[in-house]
Amino acid sequence: MSVAAFLFGVTLLTAAAAPAAAQAGAQSSTDPASRAADAYSQFMLGRHLETADDIPGAIAAFKRGLQLDPQGADIAAELAGLYMRQSRLEEAVQAGDQALKIDPANREAHRVLGIVYATLVESGRRNNQRTPQTATSMADNLAKAIEHLEKSIDRQVDSDPNVRATLSRLYLASGQNEKAIPLLQELVSQEPGWGDGPALLAQAYAGAGRDAEAIAWLEKSAGDDPDLYTTLAGFYERQKRWKDAANAYAKALAFSPRNVDLKLQYATALINIGGKDALTGARDALNDIVSARPNDVRSLFQLSQVQRRLGDLEAAESAARRVITLNGRSPMGYYALAMALEERRNYQAVVDALSPAADSFRANPGNNPAADLGLLLPHLGFAYQELGEFDKAVATFDEAHKLAPTDATVTAYLAQANLSAKKYSAVIELTRKAREDNPDELRFVRLEAQALRQSGKADEAVGLMQEFAKKQNKPESYIALAQVYSDSKRAADAVKVLQDAQTKFPDDTNIGFELGAVYDKQKKFADAEAAFRQVLMKEPDNAPALNYIGYMLAERGERLNESVDLLKKALALEPGNGSYLDSLGWAYYKSDRLPQALDNLQRAADQLKSNSVIQDHYGDVLYKLSRYDDAIAAWTRALSGDNDTIDRPAIDRKIRTAKQKLGRK
């Protein structure tokens with residue numbers, strides 16, 4: 001007889017035996033051994049009928065078995081499993097509970113109940129009904145699922161990996177990461193083909209705060225499973241190990257070079273590294289992404305930021321404008337555009353872009369109008385301030401302050417704008433309130449001291465800074481005190497404070513820089529230059545020190561070739577800096593190199609229209625080139641500007657002289 005014929009015969013015999021078995025069960029004797037044997041027959045029959053897809057027959061068989069043997073915990077557990085497999089969960093719980101009443105240690109009953117409660121937890125998550133009752137029910141089901149599955153696992157034998165996997169997920173869901181780790185370690189080792197295992201183990205390590213162990217395991221395992229490099233990179237990012245993160249992403253990309261999302265993560269890590277090489281790599285990666293997804297707003301935004309940091313301001317502006325075109329309802333494109341334009345010192349363009357954008361966000365608020373406007377208004381206010389439109393700057397920063405009254409930076413911007421507008425009482429009121437909330441913030445003390453001094457209360461300003469510097473005992477607080485001394489005509493006190501601070505903080509070059517500035521105001525030029533040279537010995541690329549020495553030499557008409565060289569180096573370090581452009585233009589002017597002087601001074605004057613000194617310099621070169629109308633306009637701007645360290649009577653005389661020249665034409 002063939003195997004097929006044999007199996008067919010067995011099936012017929014079993015099928016034929018089913019009614020007989022049912023009848024035998026009904027007529028079973030009272031002998032316990034006989035009833036137990038009959039119950040076992042029903043148990044086996046129930047299993048067979050389920051296999052044959054006769055679910056009603058299987059249920060009936062298991063129930064007959066329980067009638068024959070009410071202590072048959074295995075039969076009740078098997079019935080519970082059948083109900084579970086048919087998604088009849090309430091009946092599964094009832095049968096499982098019945099099995100555990102008979103035998104509290106029955107592993108199969110615990111396994112079934114654990115899976116049922118885990119299913120209920122997952123169902124609750126999918127339905128996402130966020131009510132207190134649902135939350136309580138889900139928490140109860142989660143606790144029951146864990147309790148039953150823990151009791152279903154036999155540590156002495158190789159338990160079902162699916163059960164252990166489910167339990168590990170439940171541990172993670174309940175925040176029991178320490179319990180999940182050993183379970184997942186076993187599973188990942190025993191089931192190398194389980195795709196979710198490594199990620200779950202990494203999640204457990206992260207939840208337990210065991211990053212170092214996670215990294216060590218991932219570093220060891222990623223070579224065999226390249227998908228783990230992305231997970232490893234994520235752990236590096238948690239520890240701000242950006243170079244390691246970028247290297248891990250690069251390895252992941254070697255296996256998935258067309259994965260755009262992965263490339264974006266790689267670019268982000270490179271951006272966080274900073275520096276020309278890393279930023280160049282980030283730019284190249286972002287260009288690849290934008291080529292593949294031209295409308296990817298996030299990548300375009302990041303590309304604009306990277307291009308700006310690399311000094312390619314035209315490209316940064318272009319990318320930002322593309323972001324605006326693609327999604328003008330978001331402030332991010334305008335934010336990126338403002339930063340690129342600020343870097344170019346094109347403050348009028350900032351106003352032209354942000355003023356209508358702010359109006360639009362006011363008229364059509366999005367999901368978070370305060371955040372949208374709050375991102376743009378500080379840049380708009382700063383642009384107004386740089387253009388000398390102080391009342392508009394104050395109004396703009398005041399609006400930003402009302403949107404974010406506890407934002408210390410916005411408060412400082414508003415105070416500075418009021419200071420520039422000579423609204424000293426407003427500055428004092430703002431800073432005193434801000435100092436109550438931020439007692440250790442130097443900027444508020446400094447702004448208040450400046451307002452006090454400029455309103456004629458120099459002694460009060462000095463006392464305020466003295467008290468703060470004594471309390472803080474930090475380099476920056478001593479520098480601020482020296483500045484107040486210097487502005488209050490107490491130069492000797494300023495020098496002493498800075499010399500004492502240098503002794504306390506010998507490595508801080510800012511102290512030496514301020515000392516040079518104080519000497520310069522005292523016209524002790526040799527001492528000033530020596531102080532700045534000391535700064536450059538420690539930091540050869542300190543652009544402010546290079547500019548200061550170069551300008552001092554130009555102002556005195558000394559060593560003009562050296563002055564030009566120093567100022568060119570400063571501008572190479574900070575391209576487009578308006579103050580440095582003015583210094584270089586002035587050095588050229590003193591060297592009688594008027595075309596070069598005009599080029600640099602015009603760029604500086606266009607950028608810093610409210611800077612009286614720069615407008616005065618620009619007027620001088622225009623006058624020397626016989627452009628008298630333009631010279632008068634520049635000197636007029638100087639008189640209406642910030643009036644910082646200018647000789648107003650001398651400028652008035654220059655304007656009269658230029659007008660006389662015009663009359664002779």
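Structure data summary
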{"item": "Single match in THR51, THR11 (criterion: of a type in the set (Val, Ile, Thr) and either modelled with pLDDT under 75 or surrounded by 17 or more Cβ atoms within 10 Å (Cβ to Cβ) (or both))", "result": "THR11"}
{"item": "Test: LEU403 is farther than 23 Å from ASP642 by Cβ and modelled with pLDDT under 95", "result": "yes"}
{"item": "Any hit, the range 70-78, residues being among the β-branched types (Val, Ile, Thr), modelled with pLDDT of 90 or more and open to solvent by 60 Å² or more (accessible area, probe 1.4 Å)", "result": "no"}
{"item": "Any pair with Cβ under 9 angstrom, 6 or more apart, that starts in the range 152-165 at a residue that is surrounded by 15 or more Cβ atoms within 10 Å (Cβ to Cβ) and modelled with pLDDT under 80 and ends at one that is outside any helix (DSSP H, G or I) and not polar (S, T, N, Q)", "result": "SER159/ILE153"}
{"item": "Residue within the range 45-53 that is within 28 Å of GLY124 (Cα to Cα) and either touching a Gly at 6+ places or on another chain (Cβ under 8 Å) or not charged (D, E, K, R) (or both) present", "result": "no"}
{"item": "Residue that is most open to solvent (accessible area, probe 1.4 Å), among those in the range 97-120 that are of a type in the set (A, V, I, L, M) and closer than 10 Å to LYS151 by Cα", "result": "ALA105"}
{"item": "Residue within the range 183-191 that is at positive phi and surrounded by fewer than 16 Cβ atoms within 10 Å (Cβ to Cβ) present", "result": "no"}
{"item": "Number of positions in the range 309-333 that are open to solvent by 40 Å² or more (accessible area, probe 1.4 Å) and not β-branched (Val, Ile, Thr)", "result": "12"}
{"item": "The range 238-254: number of residues that are open to solvent by 50 Å² or more (accessible area, probe 1.4 Å), in a helix (DSSP H, G or I) and modelled with pLDDT of 90 or more", "result": "6"}
{"item": "Single residue of the range 121-134 satisfying the filter (open to solvent by less than 60 Å² (accessible area, probe 1.4 Å) and outside any loop (DSSP other than H, G, I, E, B)) that is modelled with the highest pLDDT", "result": "VAL121"}
{"item": "Criterion: in contact with a Pro (Cβ under 8 Å, 6 or more places away or on another chain) and at pLDDT 95 or above - qualifying residue of PHE361, PHE397", "result": "PHE397"}
{"item": "Odd one out for ASN611, checked against (1) farther than 15 Å from PRO544 by Cβ; (2) of a type in the set (S, T, N, Q); (3) touching a Phe, Trp or Tyr at 6+ places or on another chain (Cβ under 9 Å)", "result": "(3)"}
{"item": "Positions within the range 357-376 being open to solvent by 30 Å² or more (accessible area, probe 1.4 Å) and within 26 Å of ASP312 (Cβ to Cβ), in sequence order", "result": "LEU375"}
{"item": "Residue list for the range 319-355, restricted to those being hydroxyl-bearing (Ser, Thr, Tyr) and without any contact (Cβ under 8 Å) to a residue 12 or more places away in the chain", "result": "THR325"}
{"item": "In the range 474-520, the residues that are within 18 Å of ALA449 (Cα to Cα) and not in a helix (DSSP H, G or I)", "result": "LYS474, SER488, LYS489, ARG490"}
{"item": "Qualifying helices (runs of 4 or more DSSP H) (wholly inside the range 404-463; at least 1 residues being of a type in the set (Asp, Glu) and without any contact (Cβ under 8 Å) to a residue 12 or more places away in the chain)", "result": "424-437"}
{"item": "Single condition GLU343 does not satisfy, out of (1) modelled with pLDDT under 90; (2) farther than 22 Å from GLN305 by Cα; (3) open to solvent by 50 Å² or more (accessible area, probe 1.4 Å); (4) of a type outside the set (Gly, Ala, Ser)", "result": "(2)"}
{"item": "Of residues in the range 443-491 being closer than 16 Å to GLY512 by Cα and polar (S, T, N, Q), the one least open to solvent (accessible area, probe 1.4 Å)", "result": "SER477"}
{"item": "Which listed residue, of ASP520, ASP507, is touching a residue at least 24 places away in the same chain (Cβ under 8 Å) and surrounded by fewer than 14 Cβ atoms within 10 Å (Cβ to Cβ)", "result": "ASP507"}
{"item": "Matching residues in the range 614-628 - criterion: being part of a helix (DSSP H, G or I) and more than 15 Å from ASN577 (Cα to Cα)", "result": "GLN615, ASP616, HIS617, TYR618, GLY619, ASP620, VAL621, LEU622, TYR623, LYS624, TYR628"}
{"item": "Selection count where residues are farther than 26 Å from GLY388 by Cβ and either of a type in the set (Lys, Arg) or in contact with a Gly (Cβ under 9 Å, 6 or more places away or on another chain) (or both), scope the range 332-359", "result": "0"}
{"item": "Filter pass, THR411 being more than 30 Å from ASP606 (Cβ to Cβ) and crowded, with 22+ Cβ neighbours inside 10 Å", "result": "yes"}
{"item": "Set ALA605, ALA570, ALA597: member being without any contact (Cβ under 8 Å) to a residue 60 or more places away in the chain, within 40 Å of the chain's Cα centre (by Cα) and under 26 Å from PRO649 (Cβ atoms)", "result": "ALA605"}
{"item": "Among the candidates ASP565, ASP582, ASP606, residue that is assigned to a helix (DSSP H, G or I), open to solvent by 50 Å² or more (accessible area, probe 1.4 Å) and modelled with pLDDT of 95 or more", "result": "ASP565"}
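The values are calculated or read from the model by the stated rules, or taken from the named source; none is laboratory data. All of these numbers come straight from a predicted model, not from anything done at the bench. Note that each Cβ is placed from the backbone with ideal geometry, even for glycine, and that neighbours are counted across all protein chains shown. The protein model used for the area step is the full one, side chains on, heavy atoms only, and it has no ligands, DNA or RNA in it. Shrake-Rupley method; radii C 1.70, N 1.55, O 1.52, S 1.80 Å.
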